[in-house]
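The structure under discussion appears below in the form of structure tokens.
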Amino acid sequence: MFERRSALLGFIARMHDLAVTVVAFLPVVLNDFVNWDDYEILLKNPHYRTLGWEGLRWMFTTFYWGHYQPLTWVTFYLDYVAWGMEPWGYHLTNLLLHAANSVLFYFIAVRLLSLGLPNVASPRDVTLPVAAGFASLVFAVHPLRVESVAWATERRDVLSGLFLLWTLLCYLRASAASSAGRTRIGWLSATMLVFTLSLLSKASGIVLPFVFLGLFWFETGFSWIVAVLGAVLFFVLLPCFIVWRER
């Protein structure tokens, strides 16, 4: 009964945060494109509007306006197919991505709070889902989120944020998995894959391996062998990504 109550509270907290996030940011769909990169990135740029070989080659090789963001270009292509050049559709996609980020943040908060405050991790204690819901809500409606959601060009922020949070969640799931068997290897593999997707959305995710090192210091359940292996893999992947960007 206590587990069901805790699970129900968690579901309510996630749905509450999701609803508040959507309502708080819903006015962004009324925005137009702004003359602050949107015109050059979206209106005057025809390259992202095709997904043929030439379009993909451009997306995965260009540093147009200073950023390497091939997956972000792919999402702009999908927007173009779905909405044409209607700005509300581009803003709606940003809003939906940010709403998804708030849900991912909730699950990360649950894991970190249960590690830092093991006394509230019991199924009998309803503090954990409530505290995680509050943390997720603060993240979702914080003023620092506004620019990334309300500005169409900043799709790269909410998209890379989605994959960064997903990467972190996979890493935490790997740390919680059994030290033997394929489950931990599977979660570590997922961590690497999603981290790569984050780098292909925006290069700011390059700092995440240092976060992992901090989490390893915080989370004692991860064996040294797996931690070192994960760090090596990430610090090998990062130079490869940098070389690819600079080639």
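The values are calculated or read from the model by the stated rules, or taken from the named source; none is laboratory data. Predicted model only: the values in this text are computed from it and were never measured. For neighbour counting, all protein chains shown are included, and Cβ atoms are generated from backbone atoms with ideal geometry for every residue, glycine included.
So for segment 66-85 (the condition being of a type outside the set (S, T, N, Q), surrounded by 12 or more Cβ atoms within 10 Å (Cβ to Cβ) and in contact with a Pro (Cβ under 9 Å, 6 or more places away or on another chain)), does at least one residue qualify? The answer is no; no qualifying residue exists.
Somewhere in segment 109-129, is a residue touching a Phe, Trp or Tyr at 6+ places or on another chain (Cβ under 6 Å), in a helix (DSSP H, G or I) and of a type outside the set (S, T, N, Q)? Steps first, please.
Of the residues in segment 109-129, the ones touching a Phe, Trp or Tyr at 6+ places or on another chain (Cβ under 6 Å) are 123-124.
Next, from what is left, pick out any that are in a helix (DSSP H, G or I): none.
Checked segment 109-129: no residue is touching a Phe, Trp or Tyr at 6+ places or on another chain (Cβ under 6 Å), in a helix (DSSP H, G or I) and of a type outside the set (S, T, N, Q).
For segment 1-42, filtered to residues that are under 25 Å from Y106 (Cα atoms) and among the hydroxyl-bearing types (S, T, Y), the residue that is nearest to the chain's Cα centre (by Cα) is T21.
Given the structure, is F33 outside any helix (DSSP H, G or I) and surrounded by 12 or more Cβ atoms within 10 Å (Cβ to Cβ)? Steps first, please.
Details: outside any helix (DSSP H, G or I): yes; surrounded by 12 or more Cβ atoms within 10 Å (Cβ to Cβ): yes.
It is true that F33 is outside any helix (DSSP H, G or I) and surrounded by 12 or more Cβ atoms within 10 Å (Cβ to Cβ).
Can you name the residue in segment 85-115 that is in contact with a helix residue (DSSP H, G or I) (Cβ under 8 Å, 6 or more places away or on another chain) and free of Cβ contacts under 8 Å to residues at least 24 places away in the same chain and is also farthest from E154 (Cα to Cα) among such residues?
My answer is S114.
Considering the conditions (1) surrounded by fewer than 16 Cβ atoms within 10 Å (Cβ to Cβ); (2) assigned to a helix (DSSP H, G or I); (3) hydroxyl-bearing (S, T, Y), T93 is excluded by exactly one of them, (1). Restricting attention to segment 152-180, which residues are over 17 Å from the mean Cα position of the chain (by Cα) and of a type outside the set (A, V, I, L, M)? Listed by number, the residues that qualify are S175, S178, S179.
Residues being polar (S, T, N, Q), outside any helix (DSSP H, G or I) and in contact (Cβ under 8 Å) with a residue 12 or more places away in the chain: count how many of those fall in segment 46-82.
Total satisfying the criteria: 3.
Any chance segment 208-215 includes a residue that's modelled with pLDDT of 80 or more, within 15 Å of the chain's Cα centre (by Cα) and either part of a helix (DSSP H, G or I) or buried (at least 17 other Cβ atoms within 10 Å of the Cβ) (or both)? Yes, some residue in segment 208-215 is modelled with pLDDT of 80 or more, within 15 Å of the chain's Cα centre (by Cα) and either part of a helix (DSSP H, G or I) or buried (at least 17 other Cβ atoms within 10 Å of the Cβ) (or both). Look at segment 122-137: where a residue is within 20 Å of V20 (Cβ to Cβ) and polar (S, T, N, Q) and a partner is in a helix (DSSP H, G or I) and modelled with pLDDT of 85 or more, sitting 6+ places away or on another chain with Cβ atoms under 8 Å, you get S136/A13; S136/R14; S136/D17; S136/S102; S136/V103; S136/F105; S136/Y106; S136/A109. The residues on offer are L137, L78, L144, and the sole one that is touching an Asp or Glu at 6+ places or on another chain (Cβ under 9 Å) and either more than 21 Å from Y48 (Cα to Cα) or at pLDDT 95 or above (or both) is L137.
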